[in-house]
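Have a look at the structure below before the remarks.
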């Protein structure tokens, strides 16, 4: 994988709450926004924005299954500013509400977005 895409992926995973703007990310890795978008999509099969959205949902799903934090806290820590937007996005992705998922809804443990890796075990 291109080292610039790898840099962006690493940054996105460490900073899920950061506002997403492609232009500063592209400048950071020395690419134009359009070149970064093209390269990122070619290597991850998704856009930068969609990758971050799926990463946020994946992080929230993992936290729902493995912590006792309040759902609103998990949503905020995953990068969602609005609980209803989080619930809507989560339900669209996983087919159930965050509360149903936490209670053990029948969904396989989510894989990491875009690149198909499973969550590392601790």
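Any read-out appearing in this document is the output of simple, stated calculations on the displayed coordinates, not a laboratory observation. Given the structure is predicted, the values throughout are model-derived calculations rather than measurements. Quick reminder, even Gly has a Cβ in these numbers, built from the backbone with ideal geometry, and neighbours come from all protein chains shown.
Summary of packing: across the peptides 25-31, 91-97, the per-residue average of other C-beta atoms within 10 Å ranks them, highest first, as 25-31, 91-97. Its Cα gyration tensor gives the range 3-48 an equivalent ellipsoid; the semi-axes, largest first and in whole Å, are 15, 12, 10. Short-range pairs are left out: with C-alpha atoms under 8 Å and at least six residues apart, the relative contact order of the range 53-94 is 37 percent.
Please work out how much length the chain gains when fully extended from residue 97 to residue 67, using 0.36 nm per residue of separation minus the C-alpha to C-alpha distance, in nm with one decimal.
Here the segment from residue 97 to residue 67 would lengthen by 9.2 nm.
Helix 83-94 and the longest principal axis of the Cα set of the chain meet at an angle near 90°.
Helix 33-44 and the longest principal axis of the Cα set of the chain meet at an angle near 60°.
Temperature 4 °C, viscosity 1.567 mPa s: under these conditions the Stokes-Einstein estimate for the range 50-102, based on its Kirkwood radius over C-alpha pairs, is 123 µm² per second. Only DSSP H runs of four or more residues enter the estimate; each adds -39500 (n - 2.57), and after division by the residues of the chain the mean residue ellipticity at 222 nm equals -18000 deg cm²/dmol. To the nearest ten degrees, helix 48-66 and the longest principal axis of the Cα atoms of the chain are 30 degrees apart. With coordinates expressed along the principal axes, the C-alpha atoms belonging to the chain extend over 44, 26, 26 Å, beginning with the largest.
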